[in-house]
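> Got a structure for you, written out below as structure tokens; questions coming shortly.
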Amino acid sequence: MNCFQIIKSVLDEAYVQIPGDEAEKDEVIKAALDNLREEYLQLLQECNINYSDPTTRFAYIYVYVTSHSNLVCNIIEQTPVLGDLFDKQKVKVACIGGGPGSDFLGILKYLMTKKKSPTIQFHLYDREKSWGESWSDVEDKVEDLDFRISTSYMPLDVTKRDDWESHIKYFQSDLFTMIYFMSEVFSLRDSAEEYFAHLFDQAKTGSFFLFIDNNNSHFYNWFDQLAQNHKIDILRSNETKMKVPIEEEKSDLGKYFDKFSHPKLTANVAYRIGRKS
Ligand SMILES: C[S@@+](CC[C@H](N)C(=O)[O-])C[C@H]1O[C@@H](n2cnc3c(N)ncnc32)[C@H](O)[C@@H]1O
């Protein structure tokens, strides 16, 4: 399986939602791509990204989901103790800040590449509810899927206790993914800290945590500190550069590649694989 092919069909749907004729759409998309790049440079101070805007969602999927989904797949491939989790018959995954779909698309690619076929449930927790639309019918977009997946979308803002405190079932998940999420809420950590402490505390014994983010010590130190305080053993830890693998063909992005150039092809990442003891 190749992520770019699936992403292309999600992009086609997202493109239709952007108002205007083709030239107008392309102009606002280029502006959104520039805007996202600038916003991500200042995450230590603030985050003003409005993902409810369809143009921003398109730009995000084009540049970042293409990269992040492959990071997830590659890191699981390189970490047998995590890959073995998917030999179970049933696996539950909670993707925190996972609305754009990178986390579960990366896992899907891993499963199809390794020919593993658990019955798998994904719960995507994210503040922005319009992401739900992009991935609600992903099963129809993936050819030759010979196992059962279900995806459900749960609106949840980690900075609002009223929003998160009633959710308890997902503590039984086998894997929690936090992909480029803690950096996004870093500037709001005074409000978000309680959520993470609660999640790390309540996660079931033996569950795995997959953290991937920008290679910046502010972000990974925050994760490491939480892990240390809440009995999450770090099994693997790395800061490195990773590239989108060669099997992903830029031509699969079709007309968007000609219009908008490269998605993010190299990522300077920090990642952690943890297990609740
Ligand atoms: C940079 S994206 C990462 C998405 C995905 N995990 C990936 O790697 O592509 C950050 C996500 O966090 C969500 N988000 C931002 N603030 C949030 C909050 N306070 N609570 C929950 N989700 C939030 C955004 O809607 C967005 O989907």
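> Order these peptides, 234-245, 2-13, by their mean beta-carbon neighbour count within 10 angstrom, highest first.
Result, highest mean Cβ count within 10 Å first: 2-13, 234-245.
> Another question, then. Among K114/K141; K114/K276; K8/K109, which pairs are too far apart, with a Cα-Cα distance over 21 Å?
K114/K276
> Which residue fluctuates the most in the chain, going by a Gaussian network model with Cα springs under 10 Å, if the choices are T56, T119, T66?
T119
> Based on the mean of other beta carbon atoms within 10 Å per residue, what is the order of 175-185, 143-153, 216-226, most packed first?
Ranked by mean Cβ neighbours within 10 Å, highest first: 175-185, 216-226, 143-153.
> Let me ask something else about it. Can you tell me the convex hull volume per residue for the stretch 172-277, based on C-alpha atoms, in Å³ to the nearest whole number?
Given the Cα convex hull of the stretch 172-277, per-residue volume reads 133 Å³.
> In what sequence, highest mean first, do 99-105, 121-127 appear when ranked by Cβ atoms within 10 angstrom?
By packing density, highest mean first, the sequence is 99-105, 121-127.
> Return the calculated 222 nm mean residue ellipticity for the chain, to the nearest 500 deg cm²/dmol, obtained by summing -39500 (n - 2.57) across DSSP H runs with n ≥ 4 and dividing by the residue count.
-12000 deg cm²/dmol
> Which value, in nm² and rounded to one decimal, describes the direction-averaged projected area of the C-alpha convex hull of the stretch 101-246?
Average projection, Cα convex hull of the stretch 101-246: 9.7 nm².
> Out of the trypsin sites (Lys or Arg not before Pro) in the stretch 41-121, which ones are loop residues according to DSSP with at most 16 other C-beta atoms within 10 Å?
Those satisfying the criteria are K88, K114, K115.
> What is the mean projected area of the alpha carbon convex hull for the stretch 10-117, to one decimal in square nanometres?
Computed as one quarter of the Cα hull surface, the answer is 8.3 nm².
> In what order, largest first, do K204, K169 sit by accessible area if the probe radius is 1.4 Å?
Greatest to least solvent exposure: K169, K204.
> Further question: Can you return the lysines within cross-link range of K160? Criterion is Cα-Cα under 23 Å, with same-chain partners fewer than 8 residues away left out.
Those lysines meeting the cut-off are K129, K169, K204.
> Counting DSSP beta bridges in the chain, what percent are antiparallel, to the nearest 5?
Bridges in the chain that DSSP calls antiparallel: roughly 45 percent.
> Continuing with the same structure: Identify, among S187, S136, I120, the residue whose Cα sits farthest towards the positive end of the charge dipole of the chain, taking +1 on the Cβ of Lys and Arg and -1 on the Cβ of Asp and Glu, with the dipole about the Cα centre.
About the Cα centre, the residue reaching furthest to the positive side is I120.
> I would also like to ask the following. Any idea what the alpha-carbon Rg over 2.2 N^0.38 Å comes to for the stretch 78-155?
1.07
> Inverting the mean 1/r over all pairs of different Cα atoms, compute the Kirkwood radius of the chain and quote it in Å.
Mean inverse Cα-Cα distance, inverted, gives 18.9 Å.
The values are calculated or read from the model by the stated rules, or taken from the named source; none is laboratory data. Predicted, not measured: the structure shown is a model, and the values here were computed from it. Ideal geometry is used to build each Cβ from the backbone, glycine not excepted, and the neighbour counts take in all protein chains shown. The accessibility values were calculated without ligands, DNA or RNA, using every heavy atom of the protein model including side chains. Shrake-Rupley method; radii C 1.70, N 1.55, O 1.52, S 1.80 Å.
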